[in-house]
Structures are given as C-alpha cells and as structure tokens.
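Peer 1: Here it is, the structure, as structure tokens.
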There are 8 protein chains.
Amino acid sequence: MTAPTDVGIVLGSASDWPQVEPAAVLLKEWGIAFEVVVASAHRAPKRVQAYGREAAARGIKVIIAVAGMAAHLAGVLAAETTLPVIGVPMPGSHLKGLDSLLSTVQMPAGVPVATMAIGTAGAKNAAIFAAQILALGDPRLQERLQRHKQELEEQVAQQGNQIPGEFRRGD
Amino acid sequence: MTAPTDVGIVLGSASDWPQVEPAAVLLKEWGIAFEVVVASAHRAPKRVQAYGREAAARGIKVIIAVAGMAAHLAGVLAAETTLPVIGVPMPGSHLKGLDSLLSTVQMPAGVPVATMAIGTAGAKNAAIFAAQILALGDPRLQERLQRHKQELEEQVAQQGNQIPGEFRRGD
Amino acid sequence: MTAPTDVGIVLGSASDWPQVEPAAVLLKEWGIAFEVVVASAHRAPKRVQAYGREAAARGIKVIIAVAGMAAHLAGVLAAETTLPVIGVPMPGSHLKGLDSLLSTVQMPAGVPVATMAIGTAGAKNAAIFAAQILALGDPRLQERLQRHKQELEEQVAQQGNQIPGEFRRGD
Amino acid sequence: MTAPTDVGIVLGSASDWPQVEPAAVLLKEWGIAFEVVVASAHRAPKRVQAYGREAAARGIKVIIAVAGMAAHLAGVLAAETTLPVIGVPMPGSHLKGLDSLLSTVQMPAGVPVATMAIGTAGAKNAAIFAAQILALGDPRLQERLQRHKQELEEQVAQQGNQIPGEFRRGD
Amino acid sequence: MTAPTDVGIVLGSASDWPQVEPAAVLLKEWGIAFEVVVASAHRAPKRVQAYGREAAARGIKVIIAVAGMAAHLAGVLAAETTLPVIGVPMPGSHLKGLDSLLSTVQMPAGVPVATMAIGTAGAKNAAIFAAQILALGDPRLQERLQRHKQELEEQVAQQGNQIPGEFRRGD
Amino acid sequence: MTAPTDVGIVLGSASDWPQVEPAAVLLKEWGIAFEVVVASAHRAPKRVQAYGREAAARGIKVIIAVAGMAAHLAGVLAAETTLPVIGVPMPGSHLKGLDSLLSTVQMPAGVPVATMAIGTAGAKNAAIFAAQILALGDPRLQERLQRHKQELEEQVAQQGNQIPGEFRRGD
Amino acid sequence: MTAPTDVGIVLGSASDWPQVEPAAVLLKEWGIAFEVVVASAHRAPKRVQAYGREAAARGIKVIIAVAGMAAHLAGVLAAETTLPVIGVPMPGSHLKGLDSLLSTVQMPAGVPVATMAIGTAGAKNAAIFAAQILALGDPRLQERLQRHKQELEEQVAQQGNQIPGEFRRGD
Amino acid sequence: MTAPTDVGIVLGSASDWPQVEPAAVLLKEWGIAFEVVVASAHRAPKRVQAYGREAAARGIKVIIAVAGMAAHLAGVLAAETTLPVIGVPMPGSHLKGLDSLLSTVQMPAGVPVATMAIGTAGAKNAAIFAAQILALGDPRLQERLQRHKQELEEQVAQQGNQIPGEFRRGD
C-alpha cells in the first residue's frame, strides 16, 4: 500500500519547473508525499477542473498552483475545491510578475487563494506553508518545522563570516 | 420564431451592471440581439464553464466578459470556447482596476482575450467592438457603425460650444 | 471547560476593525472559536512577539494578521511561530494598499505568509482560508465549506434578477 | 485572380518584426491571407491614415496594430475605420511595455481597440483572435480553431514529461 | 486687422475645460492671442489632422494638446506639424492620469511632445511654457515672465502668514 | 536670551500645513525649539538656497523638508548643507504621492535625504526622527523618547477595548 | 566673431553622455550651436544655479537638462530662468526611469519643465524640440524640420523591406 | 581601551554585502567606528530584537538596516530602539526594489525609519547620513563632510572632460 499524496503541485507550464524544483526537493526531504502535474487553466481547462474537483477525494490535502502572466490557475482550482489552495506567481512576463501577483492575490470575497512571493522564493515558501498546514495534524512534521526555524537562525549566524573580518562585529 | 442571440454579456457580479448598462442600451439601439447573465468564475464556475462550452452551439457569436479584482472570467470563458471573447476590467477594488486590467489582458499565447479600457468606457467599447465583428457579415450594421463615426465627429464639433465664446476659435 | 481558541486574529490597529468584522461574523457563524487582539509590530513589538511565541502552546492553530502601510505584522508573527500565518493588507494609506500588499506578500524564502486581497475581501477570505485549514481535521467544518460553495453559486444565480428583465437571459 | 487579403498587420517599426513573426507563421499555416506593412502613427501618419481609411474597401476584415512606447498606432487606425482593430503593445521601452499597454488599451468610449498581452504572446494571440473573428463566417477555420484547442491540451499533457519522474504524478 | 493667434489649445473633450480654464485666463492676462478648439484624435481624427497640418500656415506658433486616458492627441498633432506641441495629460480615468501621462510622454525618437504634469497644474504650466517660447522673440513677454517669477517668490513669502504665529519663524 | 532653534521645518507650500501641524505640536510638547518657513524650491529658489546655506550657522541641527509632486525641496536643501535633511513626501497630486516619494527618496550617491512615509504619518515621524537625532546629545530628550515608546504600547493595549467584547480576547 | 550658443545641454552626470550623444550629433548636423556641461543639482548646486541664472544673458535660448533617479536638475534650472527648459529622464536606477520621469514631469504650477521620454529617445526628441522652438525665428531651420519629417516617412517606407517578402504587402 | 562603535550596520542577508561595501569603506575612511552584522528579521528575529534592544546600551548611536523584498528589518529594529534607524531597500527581487522601498518607507506614525534610495546609492547615502548625525557632536567630522561636498563639486567639474571636446563648453 502506498502512502497517500498530501500535496498536489500544479504548474501552468513546464517552463516554470526550474523555479519550483527547490520546493519539490524540500517537500521530499521533509518526507511529505506530493505529486507534480502540468495543467494550464487556459490551455487545458478540463484537466484543471478535474484536478480541482477530484483532489479532495483522492486524499490531497493542500494544492499549490504555480502560474505566470494573467495567472488564473490558483483561482480556477480554488473555485473547484474547498481544499486550501496556495498560489505562486511566476515572473516570466514583461511585467516581471506584477501581473501574476495581482491575478493571484486579488481574489473576490468567498474564494481565497493564499498567495506567496513572486518566483522561486514564493515556491519554496508554498512548500513550507503546506508543511505548516499538514503539521497541525502531524507532530513529527511540527518538529521538522521547529528544526527548520533553528536552521534558518544558524544560517544567518554563519553568514556573518562572509563579511570581511575588518568590518565584522566581533562576537 | 425569435431572433438568435448574437452577443452574450457575462457579468462576474450584478454590482457591475450600472457600468455595463450603457453598453446594453447601445446594443439594443443598434438592433443587436444579446443577453445578460451573471456568472462568476470563482463563485459559480460550473455556470461559467457551461456558458462557455454551449455558447457557440446556442448561436452566440461574441462573448463580453465583465469582471473586477483578479478578473479570471474572460480567461475562463476563452478557455472553453473558440468564439471571440472580449474582456472588460472593472475598477471596484482598492487598486482601481489595475489588478483586473492585468488579470484580463496578460493572457498567455494560445488563448486570446480582447481587452478594453477599465470601467464603463471599456464596457461601451466592448459593445461597439462586438458590433464591428458582427458587421463583417451584416451590411446594415456596417452602415450603423459608419453613422456612429459621424455622430462622434458631430458630437466633438458641437462640444466646442461648451467653451466660453471669448476663448473659442471662431469658425 | 471552554472550547479551545483555534484562530487568532491580530490587528495592527483597532481602526482596521470595521473591515475585519465581517470575517469575525463568518467565523462565529461557522462555529470556529477565535479571538481578536490589537498588537502593532512597530508600536507594541513585545506584545506581537509574545503572541507569536505563545500561540501554538495556547492551542491556536491559525493566525490572521491584518495591517496597513509598511505591513510588517504578518511577517513578524511568522518569524516567531511555525503556525500558518495569513496576512491581510489594509488599504488605509495614500498608496491604497499597494504598500501593505507588497510588504506582506514578498516574504523571503524560509518564512511564508499566506497573503489575501487588500481590504475587507481579503479579511473575509482569510477567515474562509482558516476554515479550509481547520476543516482538514474537522468533517463538520468540511461540510460547512461545501455548503458555502453552494451558497455562493445560489447567490450568483439569484443576482441575475438584478438585471432588468428586458436585458436578462431567459432561463 | 488572387485570394483577398483578410488580415492587415501594421507594425510601428520593423524592429518589432521578430516578436510578430510567430503570429505571421501561424496565420500562414492556418491559410489566412494577410499582409504586413510598416507604418508609424508618428513618423508616417499619412501612411497610417490612408491604410485605415482604405482597408475596408480593399477587403481587409481585421487589422492588427503592433507598437511600443506611447503606442498610438492602434488608436489612430481605429479612428479611421470601422473594422475591428486589435492592438499589441510592444515592450521595447525602459518601462517594459507598461507604457504601450496603457496607451493601447485605455481608449475612450466610442473607439475600441481590442488589446492583447505585451510582446510576442500578445502578437500570437492577435493572430488567433483574428482567426476567431474570421471563423464566424468560415466553418473550415472554425474547425482549425477547435483543433488548435486540442493541440493546446495535448501540449500541456505532454509537458508533464518534462518534470523528473520522481516528482511526477503517475497517470 | 486682428492680431494673429499664437497659441492653439486643443482639447480632446470639452469636459477637460474646467481644468484648462486657468491656463486660458493666464494667456489672456499676459496678452497672448490664443484659441481653444475641441478635437478628439479618436472621435474626430480628420479635424485633428487638419488642425495640425494647417496650424503653421495659419500663424499658430505653439500647440497645447490636452487629453486623458490613452491620450493620443498630442502625438497625433506632433505627427502632422513641425510646430512645438505641448501635451497635458488629464486625470479623468480610473488610473488617475498615469495612462495619459505615459501615452503623452513616451514618444518615440523623431516626434517630440513636451509633456507637462497631470491635470490643471500641467495645463497652467503649458501656458507658461508657451509664453517662454514666444518670449524668445518678444521682449515685452520676457519682462512679463520675469515679473511672474517675482510674483511667485512674493506669493511664497506671503504664504508664511498662513502658518500660526507661534510656529512661524520670525523675520 | 532665547533658546536656539534646533529644527527647521520648510514647507514647499502653506497648503501642506494641516498635514504638518501634528508634527509641530509634537515638537512643541517635547520642548524642542523649531521654526516653520514656507520656501518652494521652484517658486522661491533663492529663499531655499539661503535657508540651506545659513541653517548650520544659525544653529539649526536638523532640517525637515515637506513637499509634493516633483518634490525637489529636500534634495535642494541637502545640496546646500551638511546638516541632516529629512524629507516628507506630500500626497496632493493625482498620483497620490508616488511622485513625491520617488522624487524625495531616490537621491544619487553623495547627497542623502532621509525619507519618511507619504503624508501626515511621515510628517509626524519626521519630528520623532529629529528628536531621535537630537536625543543623542540630550539625555532629557532620550527619556522623552523612551516614554513615547511606552505610550505607544499603552495606546495599542487600550485599543483592544474598541473591539466588541464578544470577539475580544479576554486578558 | 563666433556664433552664439543657442542650446545648453546640462548633464547631471557624465555617465549619461552615451545616451545623449545622438542628440548632440543631430544638433551639430542641423547647424545649431550648442554646448554640453556637466552640473549636478545635488553635487554641484552652485554650478547649476549659476548656469540657470546666466544662461539668458549669455545668449542661450533653450536649456536641455538630462538627469536620472530623483531628477531635480531640470526643475532647479527652471527655477532660475525664464528660458524654456526641456527635461530628459534617464533610466539608470533600479526603477528604470519611473523615478526620474515623475521627478521631472510633475512640476507644480508656475514653473514648467517640458518633459521628454525616458532615455536616448527622449534625448533625441529634446534636440528636435529645441530645433522646433528655434525654428519659429529661423526659416532655414524650419525647412530642415520639414525635411526631417520627410526623412522619417521615407525611413518608415524603407523599413518595409526588412519584412520577409512572403509576408510583405506588395506595393 | 578600544574606541566605541558608533554605527551598527545590519544586513538582512550576507548577499547584500557587495552593495553595502562602498558604504563601509567610506565610514572607515572617515574614521567612524562601525560594525557589520547579519541578522534577518524573519529568519533570525531574536538576533534582530536583541540587537535593537541592546544597541543604545552598547554605545551605538545610529543603526543602518539593509534588506530586500518585504523588508521588515529596519522597522523591526526601529520598534526596539529609540536610536535613529536608517533603512536601505535592496533591489534583489523580481520587483526591483519597489517592494523593499515601500516596506521600508511607509512606516506608521510613531516609529520612523529614515529611508534611502534603492541599492548601493542608498547604502552609501546611509553612511553619509549617519556621518551627518554624528557630526552634530563632532567638529572634525563636520569638517570632513564639508570637504566631501567640495570633493563632489570637483568631481562634477572634472566630469566635463569626459564629454568630447567638440561638444564641450569652453571654460
């Protein structure tokens, strides 16, 4: 028997994958079962609608939608499901993601999309936010998040070494 | 036997009606058969999908989609049909329609939405643009458009009278 | 014995309350236990830090942070906790919420804030999104969300009546 | 006897051609007769005015206007004709096309320009939109558009293969 | 024999008159002969083209073009004449004049438009700038401009009285 | 013998006074000697230059410059003095202060302007920031600032009472 | 005896020269006497003030001011002279010239700056606009401008050859 | 006994160091004692809070906070201390620093952050502004700032040599 898939990552285009891969790596490292599908709201609408409608029944708990330009993907998925949908705006257009950010975040009252930062920072945060949701029912994951917070602190502390010694505050 | 409906106007919210009414009045005056429906891409997705899928078979020739905020309505309709879809961004949010404009116009390659100006000017132009499309197969409508151009010119000419005489160029 | 508090709403200023009240009403109607506190990241930082640090231990599951201008509240809370933090940008400044939106959503990799639309639509969606998270472990709430989706559809269907009959599509 | 030219593409500058070429290729593949002319609204106004005034009489059915910066080309053509004019904003300025987008889309009531996305995505969509208009009177083209929609769906389905197998959803 | 008209003010719409009136009053007070016409680039293109083509021969020396939204008026006039054209963006759209500013100022190399601030401040400055141009060949007007600079200084000096005495710097 | 004036507030226009008055009141309450002058960089440049050149010799320690639109006042003062210059962008234009913010903050390397938020919040913060500078050499003022921080915390704590009791967290 | 200098080009920084050189070449080709000076409003204010104050007496007729970031140069010059001042915003900052555009164009009523497009297009247009002003008193220059308009038209006509023959409209 | 540290530079990320190094070099050259630490408001909040709380007691007089994206660093430090806090927005995100600028400058009334330009120009100006503050109590530093102003003027004067001689104004 296979483990259930908890997180579904939907990409509006395979060209977004390089910006999303770090998020996938993080989910894998943290032992969160997930899947990645490509399904554009505009070019493959039935695929997106079906994914949204069936996700909960398939055991998916959180959906991450990644899209650029007039990014309708997260909103269309959120219209089809009551699962939490996290939106990640991609920066691929001439407007550098201002278009996809506003298309993702400015949802009307009634149908929320939890929007992250533009680009790969947002993709990574979408994975962490999904983990924060799942951790509410998973003490092991809660511990992993605590350790992640410590790791962030340690990374920051170590970054001080990248400042030349003459300028650095002595500890 | 009733006349076929040529233009379908889809509103994301009934609250947009006052900004769209002048467009409806224009279509009526020009003898273009149309219908108005309310069908939000986010709050009533099946209704929107069905409208898009069935429009061509029902004889609709042009769809006008009116929506604000993260305006996905036009894009979702365009994903479901090969009919021309005209998008009108509404200004109702705190960002005054910049969000709905970018959400409507920045469509990815493959699925066009013909975008008009924000608000009631855009709604009226959507009606005229629909008439321009229909006029390609309707000489009477082509004449009406020619007359409309003359009316615009005459209105401009008459507006000169609103400038106080002391400042106005004498004709 | 009292029910535990699941959702903590933190307002950067009491002046944001009128825009948040509809969200509070929705949570109450849906039977979700919540609390509202005022705690500015800039004017009362210890209060915010303490709230963030203690929230999980107090049983809070989701935090909603509401702030305007250089809206640091959600980010500061997210820095202190591994609970999901939802950010709602307020529009009170001269820049109409563009400042609070970017201050809330553009979080660096490592510390996510789930950002909603600017203003009261975003506040209401924050409440619904919190419910979507909690519903993952609460079948009754899951049903409430399903019913909410139906209510949205019905509202849209009824809105058609607000279009004057002469323009409306006959059903 | 030669076939009539259905679509006129007007470029504000020959330097825009590389971004427009994919649109021309698509029109050719779909068997739509078109022509490409260079005619700046600012540097060659008579040429633009003449093109707009004569287009309908020459048998043109749809005009596509491509321009950057203060992009007046589409608006000036629309002022001269009752044919549908599609505007494509080019991104060549320091403002990355925000200027040409607003200059193209924000037309006053009375003279519509159907605006597409900034850059080559918009150019390609202008061609598809022109096809959608022409297809209203051309069943063969209508079929071609249906097939295009299927091709888009198939492309999306195949893009899944670009996601590394370990992350991909198994079908 | 009447004095020649030196400045031609072209309004895209009579509704812009209230914002332009102070500019007209200033020109009158300074004894500069001018005329005001209404002539939209989109709704009355022939009128605009004719105005631009004939202005120099009629003795006009400077043209002021006032328009909102996708403000093409100044650019279209500048395309038709080698006279200096001053553009004043109007704020009447939902985007508060950002659209008309970019549509007016971002002219391509070869066809300049001298752009002023959005709204009535810009209109007044257009009148002053026209006077600065005309003053190059008119010593009396040059003196008037010098006096205007002194008046500005005196106005600023007197404005100090509007600050309550307890806060004001004593002279 | 009178106390020396420590802070000079320069207004680009007396019309900005209502937004600046709370800052003046705060400085007065905190016992900081200041003066208010009106001196536009564009309409009264000599006055501004003289103010900047003489301020240090007159004993001024900090200059606060308040201006809207193309706000050059702070930059022009900073060019004339080595005193700290604080800039406050005013929102009076059609662009709501985005223009004055960028005109104030984007100073080239070599000549800093310490920029505050747009409008009255920024004016008040300019006064507090001036106090923070002066407090480096004034223990009494340092104490006042500490008390101000406590007052801010207490205000936030009391604001909780404005939330209806049924929603409020019990303390 | 040397010819008088008609146009003064003031650069805020020598690093802007490459974008301005085409403008200088054009002025030279057209036989317009000009000079180029470097004089930052922030780093060399006395130099700028002196230039502005003395320009008219030195015989300068038009000033072109080129600056980036918080571009105060044009405004500061305009404050010192009644000559026409043309402003050219440079794009060198992270905001790509939006900052310098707004800092240059949004001048308050009373002190106009004639603003051109961002970057080298704007610089070239500043030179042409200066020529248009000077041509009011110089028939030879007026002829040169007429020829320039013809050259622009011819260039556009020839650009058609850059479109591959299979796509080009046959003449 | 070592000299006290007057300026504390806090970087949100070590990756910002290259843009900040010129500021550090300037402080060193001017003999101002400073330290550089890395301490993210989001990834290492306790470190930031501790730095802010202890800075005054450790003898720090001015804090410079450098951060990108949703830049909360300066605001969080300002919340913890009554020392002057200077904020420098970094341009590292897809929005080129518009996000970090607004996140830094739009502080609510009560807690000022003195904001500089985006990127390395802003970092250098932060160092100069810190020197201007310290110079109020340090005549030697005041002299250094005077000399800096002269150096800026001389640099500008010498930049004239970079303009080719044929275009340059003869001195």
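Peer 1: Can you report the number of residues in the stretch G:13-65 which are closer than 21 Å to residue G:83 by Cα and polar (S, T, N, Q)?
Peer 2: Summing the residues that are closer than 21 Å to residue G:83 by Cα and polar (S, T, N, Q) in the stretch G:13-65 gives 2.
Peer 1: Which count do you get for residues in the stretch G:76-106 that are touching a strand residue (DSSP E or B) at 6+ places or on another chain (Cβ under 6 Å) and either surrounded by fewer than 24 Cβ atoms within 10 Å (Cβ to Cβ) or within 12 Å of chain E (Cβ to nearest Cβ) (or both)?
Peer 2: Within the stretch G:76-106, residues that are touching a strand residue (DSSP E or B) at 6+ places or on another chain (Cβ under 6 Å) and either surrounded by fewer than 24 Cβ atoms within 10 Å (Cβ to Cβ) or within 12 Å of chain E (Cβ to nearest Cβ) (or both) number 12.
Peer 1: Right, next: Being in contact with a Gly (Cβ under 6 Å, 6 or more places away or on another chain) and of a type in the set (D, E, K, R) is the filter here; which residues of the stretch H:2-50 pass it?
Peer 2: If the condition is that a residue be in contact with a Gly (Cβ under 6 Å, 6 or more places away or on another chain) and of a type in the set (D, E, K, R), then H:35, H:43 are the ones that fit.
Peer 1: I'd like to know if the stretch F:115-124 contains one or more residues that are under 18 Å from residue C:12 (Cα atoms), touching a Pro at 6+ places or on another chain (Cβ under 9 Å), free of Cβ contacts under 8 Å to residues at least 24 places away in the same chain and part of a helix (DSSP H, G or I).
Peer 2: Looking for residues that are under 18 Å from residue C:12 (Cα atoms), touching a Pro at 6+ places or on another chain (Cβ under 9 Å), free of Cβ contacts under 8 Å to residues at least 24 places away in the same chain and part of a helix (DSSP H, G or I), one finds at least one in the stretch F:115-124, hence yes.
Peer 1: Collect the residues in the stretch H:99-127 that are of a type outside the set (A, V, I, L, M) and farther than 30 Å from residue C:39 by Cβ, keeping them in residue-number order.
Peer 2: H:119, H:120, H:122, H:124, H:125 - these are the residues of the stretch H:99-127 that are of a type outside the set (A, V, I, L, M) and farther than 30 Å from residue C:39 by Cβ.
Peer 1: Kindly provide the set of residues from the stretch C:129-171 that are at pLDDT 95 or above and of a type in the set (Lys, Arg), ordered by number.
Peer 2: Result: C:140, C:144, C:147, C:149.
Peer 1: A follow-up question, please. Looking only at the stretch G:111-139, how many residues end up being over 14 Å from residue G:65 (Cβ atoms) and of a type in the set (Ser, Thr, Tyr)?
Peer 2: Qualifying residue count for the region: 1.
Peer 1: Return a yes/no flag: does the stretch C:126-133 have any residue that is β-branched (Val, Ile, Thr) and more than 27 Å from residue B:91 (Cβ to Cβ).
Peer 2: yes
Peer 1: Would you confirm whether any residue within the stretch D:151-160 is in contact (Cβ under 8 Å) with a residue 60 or more places away in the chain, surrounded by 13 or more Cβ atoms within 10 Å (Cβ to Cβ) and either of a type in the set (A, V, I, L, M) or facing chain B (nearest Cβ under 10 Å) (or both)?
Peer 2: No; the residues of the stretch D:151-160 include none that is in contact (Cβ under 8 Å) with a residue 60 or more places away in the chain, surrounded by 13 or more Cβ atoms within 10 Å (Cβ to Cβ) and either of a type in the set (A, V, I, L, M) or facing chain B (nearest Cβ under 10 Å) (or both).
Peer 1: Can you list residue pairs whose Cβ atoms sit under 6 Å apart, with the first residue in the stretch B:31-46 being more than 23 Å from residue A:74 (Cβ to Cβ) and the second being in a loop (DSSP other than H, G, I, E, B) and basic (Lys, Arg)? Count only pairs 6 or more apart in sequence or on different chains.
Peer 2: Hits for this filter: B:35/C:169; B:37/C:169.
Peer 1: So which of E:141, E:134 is part of a helix (DSSP H, G or I), surrounded by fewer than 24 Cβ atoms within 10 Å (Cβ to Cβ), more than 7 Å from every other protein chain (Cβ to nearest Cβ) and within 14 Å of the chain's Cα centre (by Cα)?
Peer 2: E:134
Peer 1: So residue D:72 fits all but one of (1) more than 25 Å from residue B:140 (Cα to Cα); (2) modelled with pLDDT under 95; what number is the exception?
Peer 2: So residue D:72 meets the others, but not (2).
Peer 1: Something else now. Checking the condition surrounded by fewer than 24 Cβ atoms within 10 Å (Cβ to Cβ), closer than 27 Å to residue E:109 by Cα and not small (Gly, Ala, Ser), which residue from D:53, D:43, D:58 passes?
Peer 2: D:53
Peer 1: Could you identify the single residue in H:109, H:117 that is out of contact with any strand residue (DSSP E or B) (no Cβ under 7 Å at 6 or more places or on another chain), surrounded by fewer than 24 Cβ atoms within 10 Å (Cβ to Cβ) and among the aliphatic types (A, V, I, L, M)?
Peer 2: Residue meeting the stated conditions: H:109.
Peer 1: A follow-up question, please. So if I check each of C:108, C:164, C:112, which one is touching a Phe, Trp or Tyr at 6+ places or on another chain (Cβ under 6 Å) and assigned to a loop (DSSP other than H, G, I, E, B)?
Peer 2: None of the others qualify; the one that does is C:112.
Peer 1: Looking at residue C:93, is it among the hydroxyl-bearing types (Ser, Thr, Tyr), touching a helix residue (DSSP H, G or I) at 6+ places or on another chain (Cβ under 8 Å), in a loop (DSSP other than H, G, I, E, B) and over 20 Å from residue A:80 (Cβ atoms)?
Peer 2: Yes: the conditions hold for residue C:93.
Peer 1: Before we move on, is residue E:92 over 21 Å from residue G:128 (Cβ atoms) and at pLDDT 95 or above?
Peer 2: Answer is no for this residue.
Peer 1: Quick check: is even one residue across the stretch D:76-85 in a helix (DSSP H, G or I) and in contact (Cβ under 8 Å) with a residue 40 or more places away in the chain?
Peer 2: yes
The values are calculated or read from the model by the stated rules, or taken from the named source; none is laboratory data. Please read all numbers here as calculations on a predicted model, not as lab measurements. As a convention, Cβ positions derive from the backbone with ideal geometry for all residues, glycine included, and neighbour counts pool all protein chains shown.
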